[in-house]
Amino acid sequence: MLTKFETKSNRVKGLSFHTKRPWILASLHSGVIQLWDYRMGTLIDRFDEHDGPVRGVHFHKSQPLFVSGGDDYKIKVWNYKLHRCLFTLFGHLDYIRTVQFHHEYPWIVSASDDQTIRIWNWQSRTLMSVLTGHNHYVMCASFHPKEDLVVSASLDQTVRVWDIGALRKKTSSPADDILRLSQMNTDFFGGVDAVVKYVLEGHDRGVNWASFHPTLPLIVSGADDRQVKLWRMNDTKAWEVDTLRGHMNNVSCVFFHARQDVIVSNSEDKSIRVWDATKRTGIQTFRREHDRFWILTAHPEMNLLAAGHDSGMIVFKLERERPAFSVSGDCLYYVKDRFLRLYEFSTQKDAQVIPIRRPGSAALNQGPRTLSYSPTENAVLICSDVDGGSYELYIVPRDSIGRGDTVQDAKRGVGGSAVFVARNRFAVLEKSSNQVLVKNLKNEIVKKSVLPVAADAIFYAGTGNLLCRAEDRVVVFDLQQRLVLGELQTSFIRYVVWSNDMENVALLSKHTIIIASKKLEHRCTLHETIRVKSGAWDDNGVFIYTTLNHIKYCLPNGDNGIIRTLDVPVYITKVSQNTVYCLDRDGKNLAVAIDATEYVFKLSLLKKRFDQVMSMIRSSELCGQAMIAYLQQKGFPEVALHFVKDERTRFNLALESGNIQIAVASAKEIDKKDHWYRLGVEALRQGNAGIVEYAYQRTKNFERLSFLYLVTGNIDKLSKMLKIAEVKNDVMGQFHNALYLGDIRERVKILENAGHLPLAYITAAVHGLHDIAERLAADLGDNVPSLPEGKSHSLLIPPSPIMCGGDWPLLRVMKGIFEGGLDNVGRNAQEEDEEAADADWGEDLDIVDGENMQNGDIGMVLEDGEVHEENEEGGWDLEDLELPPELDTPKTSSHARSSVFIAPTPGMPVNLIWTQRSSLAAEHAAAGNFDTAMRLLSRQLGIRNFAPLKPLFFDLHMGSHTYLRALSSSPVISVAVERGWSESSSPNVRGPPALVFKFSHILHTIPLIVVESRREVDEVKELIIIVKEYALGLQMEVKRREVKDDPVRQQELAAYFTHCNLQLPHLRLALLNAMTVCYKARNLNTAANFARRLLETNPTNENHAKTARQVLQAAERNMTDASPLNYDFRNPFVVCGATYIPIYRGQKDVSCPFCSSRFVPSQEGQLCTVCDLAVIGSDASGLLCSPSQIR
């Protein structure tokens, strides 16, 4: 069983397929009728007017109607387009089991538990006939598909066939009909319109279902005795033919399959069974775990079945309908009706080649699945599911084509799938051992290869290569070298389609298409909601594929679209220009004409073949919202503009492509405020002040208009705006305009008129209008506001504009292929040729004439008589000749194409030159590249804390540039200040930055110092050591003064200070300090050591020497220390810069990569406390402060 669609719902009691649309009605035990689209898998509608279960439902063949019957004794006729019930037929006295429309007449037949069958006319909404005779519930009733017969099944254990020929005659004569109706109404169960033709007895229990064969005089029935019975009838009698046994519980429903010679039945034993109608044996059984089946139905035109069960329904097929085929050049080999056939695409000839054998068993899905063809050997491999997967190899005789009568014995073998991999070699997949057997045409194994993945199918992938399919991936495997050439993660792949050049492959799964290269490098993935059926590559490298109801295309970048819709699913075999060749499910070859314009157009855009795009735009009717949206999305709004007639869309596209002229024209047509506003924004972005002004005027946006006049320096119009604001009595507008104009008297007047006398007085007084100020002071009397004393005021007067700014100047640029070409769409070729010479852009872009040029582009303006004709070589991209300078070349016409102004290429900014040439952090900071400067310092000196360097960075950047004022309306120009500049130096050779900055903390300044010579570099490094020693010593001294309550720590810190590498005068002070501290603390031995060291320095101050000698004398009497110190002057040590404890020689330590201070190992990774910049123990390349170090 091939399940196509499944639903979960309440118990399904009735089902009906729509004849044309992919819809199915399901009536539920809950009283709801559901309308499903089984192709999309979506619920379209639900109808719930019945009370209680709805057991019968049926679509009309041609009208938008369906009928339903339920346990509420009502038959309802619905219109699914109007989503409502049209009318209800009353008459039955008990549950209604089934309802059905007649295929031709406006009749409905219904079967009910009131033991009657009724025939209704749904057009006149009347009861036509009541069929009585059953003496128990009537479980089903249906019309014969061709004859005037009704079959019914009842729990009275009989099947009855009724002749309704009289009813047909009665319907055809309306006069008769009125008489008959009056007669019928007299007797509730009367009327002889329908008579029992046969009563079929044979079931031992109640019969649940009976059904006619679509063409033969056969009936099949299923009953509570678990049997399916087959009956035959002729003109006079009907008899039982056979009984099909196998169901384990009541048979719910049974019918003949319209397209295959089988009977399908389902039962409360939770199974669907398929029986061979000729051999009358069971072929296949499909079981569900927990759900009893209640109803079966078949699609009237397609090979689809549906079954309803306790928890929903399934739509399924019994057999695959896809024909096995293989394309080789101009030929298509395919299997149809047990024959191998050949179709030639060029001549469209179809011929029978050879017969192929039938499978031995009668089981379903045993037909050919795949076909592989070797053109050189004329050999065909046909794979099927016989024996769990097998293949047959046929060698096609050259002369048999067209005759197809020679039956040959095929070479057979077992294997999951088999494909040709070379001229006379084919590969067979052996699933059990996961290996591929390579065989020759004698069906002998030549080679075995173990596959790299657990494959369940193999496909051809070029000579000697296989594409192996696993559950979640595909792999290209080289059989010769036993190598994996490519791998790609995919969903479960069903079909593989290679392009003609074998460079690209399309991998088709149920709902996705993956396009990849021959090495399985992913290009794009496409998702479809409807099942993908087949595909082929066209000559342009576009993949054309079919879904159940569309032919679609996929471009190399993944863009896709619909080419045309399909009535029935087809399988594409080949695409050639505007024709798609395909096979339908009946094995018929079709040639479907398609319009390839859309995808060729998109492909040309994608591949930037603009000449092709141009010719397509001119010649074809390519339009529609989708195409416009596509061009817009792909960045070609200017192309889309030429397709569009709708003004709003034109306006949007014009704005997007920056075409102000078209935008203005469209805005005039639309004349909406928001469109004018958007036009103003775009025009402002382009610097087109005239259009901005026009847009603001149209929307009466006076505030913006005033501001525009201010920034463009248009004083005259600003004065007019002041008058307009006065007329409109807009006080705020008046004040703003007066402010913009710098008109103080006007401002004072406005404030005075508005009643703000104190503000008017202050404005007049500050701006020196004393006469007005005195007058206002008199008016204010005692309330004159006082001006703050001692403060200098700055006046609110805007600078006077030097010149009035108009539209921004525009460069002349080459006209793009689309702008140039599309303006001529519709003109003839001759006109185009004439205009080619002066296809100028001047008109479009409002470039000013020579006399009015503001930018001095006088090179474009020619003197009289200097107009030359366009050279014939204009279209050739010829190289320029390097002519010697003395030859005076003639000027060409301003309208000639060669006169296009080429903007000078911008030079390299000086700061960029500085950073490209230098590895010195200071020069990067001067250039403004702070991030690279910080990276350099981090790499060279291990610096992580940049906060102290921030002001220095700013100083360097500001100090290395000077700033020149230009016009009042233009920004300040910055000029780089270079080191060592002289007037004689070339302007093209840029020097390094001057590096002017404020000297602050020495250790923070050194990383940003730049010196010239190696000797100076050594001096800088010495300076770091000196500064570090002083910084450490002074930090310890500050610490000593903080710990006044700890005399031992005070003595230690004073002692450590004396071991810092200080200059002699400073060392004497440190020794004197340490000696004093220790002597006071009665540590005489240590104090004597400091006194001795002080005297060794020959102190110049006699008082210091005298004190030292006295301490030494006092200590010699008692050489003891009152308290032990962590200090051994005999053992050399350095002091830890963070903990201030001695690190004696031989003990481990870590150092700062910048200032080289030493620390105990526990401080590694912390910020250095001495320089406050670098990280202790980090790797660094060392200080770089001179270009000489790099050279």
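The residue of region 277-299 that is surrounded by the most Cβ atoms within 10 Å (Cβ to Cβ), among those that are β-branched (V, I, T) and closer than 22 Å to H29 by Cβ, is I295. Of all the residues in region 244-287, those that are part of a strand (DSSP E or B) and either without any contact (Cβ under 8 Å) to a residue 24 or more places away in the chain or outside the structural domain of H203 (by the TED database) (or both) number 2. Of the residues Q115, Q123, the single one that is without any contact (Cβ under 8 Å) to a residue 24 or more places away in the chain, of a type outside the set (G, A, S) and open to solvent by 40 Å² or more (accessible area, probe 1.4 Å) is Q123. I'd like to verify a number: residues in region 1078-1111 that are in a helix (DSSP H, G or I) and open to solvent by 30 Å² or more (accessible area, probe 1.4 Å), how many? Of the residues in region 1078-1111, 14 are in a helix (DSSP H, G or I) and open to solvent by 30 Å² or more (accessible area, probe 1.4 Å).
Going residue by residue through region 1136-1152, is there one that turns out to be under 26 Å from R1014 (Cα atoms) and either open to solvent by less than 50 Å² (accessible area, probe 1.4 Å) or not in a loop (DSSP other than H, G, I, E, B) (or both)?
Yes: region 1136-1152 contains one or more residues that are under 26 Å from R1014 (Cα atoms) and either open to solvent by less than 50 Å² (accessible area, probe 1.4 Å) or not in a loop (DSSP other than H, G, I, E, B) (or both).
Considering every residue within region 792-805, establish whether at least one is under 30 Å from R965 (Cα atoms), part of a helix (DSSP H, G or I) and under 53 Å from the mean Cα position of the chain (by Cα). No, there is no match, as no residue in region 792-805 is under 30 Å from R965 (Cα atoms), part of a helix (DSSP H, G or I) and under 53 Å from the mean Cα position of the chain (by Cα). Being closer than 25 Å to T1005 by Cα and touching a residue at least 24 places away in the same chain (Cβ under 8 Å): is that true of A1138 here? Spelling it out, A1138 is indeed closer than 25 Å to T1005 by Cα and touching a residue at least 24 places away in the same chain (Cβ under 8 Å). Within region 434-458, the residues that satisfy the criterion of being without any contact (Cβ under 8 Å) to a residue 40 or more places away in the chain, within 22 Å of K411 (Cα to Cα) and assigned to a loop (DSSP other than H, G, I, E, B) are K442, E444. The set of residues in region 369-386 that are open to solvent by 30 Å² or more (accessible area, probe 1.4 Å) and either out of contact with any Ser or Thr (no Cβ under 9 Å at 6 or more places or on another chain) or in a loop (DSSP other than H, G, I, E, B) (or both) comprises P375, T376, E377, D385.
Just one of the listed residues (I493, I515) is crowded, with 17+ Cβ neighbours inside 10 Å, within 29 Å of the chain's Cα centre (by Cα) and free of Cβ contacts under 8 Å to residues at least 40 places away in the same chain, and it is I493.
Restricting the first member to region 303-315 and to residues that are in contact (Cβ under 8 Å) with a residue 24 or more places away in the chain and under 15 Å from M40 (Cα atoms), and the second to residues that are crowded, with 21+ Cβ neighbours inside 10 Å and hydroxyl-bearing (S, T, Y), the beta-carbon pairs closer than 7 Å and six or more apart or on different chains are V315/Y38.
Does W162 meet the test of being over 56 Å from the mean Cα position of the chain (by Cα) and assigned by the TED database to the domain that holds V57?
yes
Does G713 qualify as being out of contact with any Lys or Arg (no Cβ under 8 Å at 6 or more places or on another chain), in contact (Cβ under 8 Å) with a residue 12 or more places away in the chain and open to solvent by less than 20 Å² (accessible area, probe 1.4 Å)? Answer is yes for this residue.
Residue check: S1186 meets all listed conditions (1) over 50 Å from the mean Cα position of the chain (by Cα); (2) without any contact (Cβ under 8 Å) to a residue 40 or more places away in the chain but one, namely (2). When N701 is tested against (1) crowded, with 22+ Cβ neighbours inside 10 Å; (2) touching a Gly at 6+ places or on another chain (Cβ under 9 Å); (3) closer than 30 Å to R745 by Cα, exactly one condition is not met: (1).
Considering only residues in region 73-123 that are aromatic (F, W, Y) and assigned to a loop (DSSP other than H, G, I, E, B), the one that is farthest from Q34 (Cα to Cα) turns out to be Y105. Within region 938-967, residues that are closer than 19 Å to L1184 by Cβ have Cβ atoms under 7 Å from residues that are polar (S, T, N, Q) and open to solvent by less than 70 Å² (accessible area, probe 1.4 Å) in these pairs: G942/S1178; R944/S938; L952/T1005, counting only partners at least 6 apart in sequence or on another chain. Here the condition is being on the phi > 0 side of the Ramachandran plot and assigned by the TED database to the domain that holds V254; of G312, G308, it holds for G312 alone. For beta carbons closer than 9 Å, sequence separation of 6+ or different chains, a first residue in region 579-596 that is acidic (D, E) and a second that is open to solvent by less than 10 Å² (accessible area, probe 1.4 Å) and part of a loop (DSSP other than H, G, I, E, B), the qualifying pairs are D584/P569. In region 1091-1118, the residues that are without any contact (Cβ under 8 Å) to a residue 60 or more places away in the chain form Cβ pairs under 6 Å with partners that are among the charged types (D, E, K, R), at six or more places apart or across chains, as follows: T1097/R1068; P1099/R1068. E656 meets the stated requirement of being over 30 Å from D538 (Cα atoms), open to solvent by 70 Å² or more (accessible area, probe 1.4 Å), touching a helix residue (DSSP H, G or I) at 6+ places or on another chain (Cβ under 6 Å) and assigned to a helix (DSSP H, G or I).
Condition check ((1) in contact with a Ser or Thr (Cβ under 8 Å, 6 or more places away or on another chain); (2) open to solvent by 60 Å² or more (accessible area, probe 1.4 Å); (3) in a strand (DSSP E or B); (4) over 29 Å from R341 (Cα atoms)) across all residues:
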position	(1), (2), (3), (4)
C524	no, no, yes, yes
K533	yes, no, yes, no
D586	no, yes, no, no
V592	yes, no, yes, no
L605	no, no, no, yes
D611	no, yes, no, yes
I617	no, no, no, yes
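Do you know which residues across region 744-774 are of a type in the set (K, R) and either touching a Gly at 6+ places or on another chain (Cβ under 9 Å) or surrounded by 14 or more Cβ atoms within 10 Å (Cβ to Cβ) (or both)? Once the filter is applied, which keeps residues that are of a type in the set (K, R) and either touching a Gly at 6+ places or on another chain (Cβ under 9 Å) or surrounded by 14 or more Cβ atoms within 10 Å (Cβ to Cβ) (or both), region 744-774 yields R747, K749.
Scanning region 1035-1065 for residues that are surrounded by 13 or more Cβ atoms within 10 Å (Cβ to Cβ), in a helix (DSSP H, G or I) and without any contact (Cβ under 8 Å) to a residue 60 or more places away in the chain gives E1037, R1040, R1049, Q1050, A1054, F1057.
The values are calculated or read from the model by the stated rules, or taken from the named source; none is laboratory data. Worth saying up front: this structure is predicted, and the values here are computed from it rather than measured. A quick note on method: Cβ atoms are made from the backbone with ideal geometry, for glycine too, and the neighbour counts reach across all protein chains shown. The accessibility values were calculated without ligands, DNA or RNA, using every heavy atom of the protein model including side chains. Shrake-Rupley method; radii C 1.70, N 1.55, O 1.52, S 1.80 Å.
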